[in-house]
C-alpha cells in the first residue's frame, strides 16, 4: 500500500492553548475612539433565538427580501463605578499608579472585594496633576441580582474611556460615580462590536476531538494515534503538535459582530417558559448576530470594534423576534 501523505491536522490559528484565569475577559487592546465615552459594556449570555429582518442594504444580494438570522441574547443590567484608575507610561507600556475608590458602594460588592473605608489618594489631590498621567480608566461592577440569573455576587472588570485628553476623561468618569450606566448610554443599534468571552470547558479530551486527527484503519495497531512527537534532540514537544490534553475554557475574541438591537422591554424576547438553564430576561438586553463563545450565564464583554469596517447602521428593519419555547 502506498504511503499516504496529508497536510497536518489541527489549526494553529488560536493560541495559546492555556486555561483562562477567570470566567470573564480581561481586555488589553481598545479602539481609538475620539469621543469621550466608555468603549464597551458587558452582559450575561441568556441563550439564542432567531429574528426576521427586511434587508434594505444597497448592493446586497437579498435587498428587499426578508431574511432569517440567528441571534444571541445578552442580558445587560446596569453597571456601576467601583473606582477610577490612573496610568502612567514607561518603557514597558501603561503602569497603574493610583486608584480612587467610589465612596458609594453597594452591599453586594462586599461579596467580591473588601469594601474600602479609608483611602490614601482622593480626586481633589489628583486633579492638579492630571496632565502627568497617560490614561484614565474605570473599574465597573455588574448587578446580577437585577437579571434572571438569581445570583448576588457581582463581576468586577475594567473599561477604557475614549478620547485623547486625560482631563476630559476624568471629568467624564466623575459624572458616572453617582449613577447607573445603561447599555443604551454607551452603544447603539446597527454597529459592529468585538466580543470577548471564555469558551466552554471540555475537560481532558483525546487527539481526535482536540486536534482533529483522523481514526486509523481497522487493522492499525492503534486507532487513535496522532503524529510522531518529534526527534530525540532537542527533547521538547512543540505546543502545536496534535496531542491529548485539556480542551476549552480559553479566552477568545470575535471581531466585528453585528449588534442588531438594544432594548429595555424583555417581553419582546422572552420565550415561553424562559431560556433553558437561564430563566427570564428582566432588564435591558442586546441581540448579537450569530453565536457567541461561552456557556449560558457567563459574562460576555463587547467593545467598540478595533478594526474599521462598514456596519449595518439604520439599513436593517427588524420585523420579527421569535419567542417560541426553547424547551
Considering only region 241-251, I want to know if a residue exists there that is within 13 Å of the chain's Cα centre (by Cα) and crowded, with 17+ Cβ neighbours inside 10 Å.
yes
Taking interchain pairs and intrachain pairs at least six residues apart, which have beta carbon atoms under 6 angstrom, with the first residue in region 113-139 and at negative phi and the second assigned to a helix (DSSP H, G or I) and surrounded by 11 or more Cβ atoms within 10 Å (Cβ to Cβ)?
130/166; 130/167; 130/170; 133/166; 136/166; 136/169; 136/170; 138/173
Based on what the data block shows, is residue 177 modelled with pLDDT under 95 and outside the structural domain of residue 300 (by TED's automatic domain parsing)?
yes
Within region 172-191, take every residue that is within 22 Å of residue 129 (Cβ to Cβ) and in contact (Cβ under 8 Å) with a residue 40 or more places away in the chain and give me the one that is surrounded by the most Cβ atoms within 10 Å (Cβ to Cβ).
173
Please give the number of the condition residue 146 fails out of (1) at negative phi; (2) outside the structural domain of residue 100 (by TED's automatic domain parsing).
(2)
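The rows are residues; the columns are (1) assigned by TED's automatic domain parsing to the domain that holds residue 298; (2) outside any loop (DSSP other than H, G, I, E, B); (3) surrounded by fewer than 18 Cβ atoms within 10 Å (Cβ to Cβ); (4) in contact with a strand residue (DSSP E or B) (Cβ under 9 Å, 6 or more places away or on another chain).
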{"site": "193", "(1), (2), (3), (4)": "yes, yes, no, yes"}
{"site": "202", "(1), (2), (3), (4)": "yes, yes, yes, yes"}
{"site": "221", "(1), (2), (3), (4)": "no, no, yes, no"}
{"site": "224", "(1), (2), (3), (4)": "no, no, yes, no"}
{"site": "230", "(1), (2), (3), (4)": "no, no, yes, no"}
{"site": "234", "(1), (2), (3), (4)": "no, no, yes, no"}
{"site": "259", "(1), (2), (3), (4)": "yes, yes, no, yes"}
When you go through 89, 104 one by one, which is the residue that is more than 25 Å from the chain's Cα centre (by Cα), in the same structural domain as residue 157 (by TED's automatic domain parsing) and assigned to a strand (DSSP E or B)?
89
Out of region 287-327, which residues are farther than 26 Å from residue 21 by Cβ, modelled with pLDDT of 95 or more and surrounded by fewer than 16 Cβ atoms within 10 Å (Cβ to Cβ)?
290
Unmet criterion (only one of (1) touching a strand residue (DSSP E or B) at 6+ places or on another chain (Cβ under 9 Å); (2) at pLDDT below 90) for residue 73
(2)
Please go through region 116-145 and pick out each residue that is surrounded by fewer than 18 Cβ atoms within 10 Å (Cβ to Cβ) and over 28 Å from residue 168 (Cα atoms).
145
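The values are calculated or read from the model by the stated rules, or taken from the named source; none is laboratory data. Since the structure is predicted, the reported quantities are computational estimates derived from the model, not experimental observations. Because the Cβ atoms are built from the backbone with ideal geometry, glycine has one as well, and the counts that use them run over all protein chains shown.
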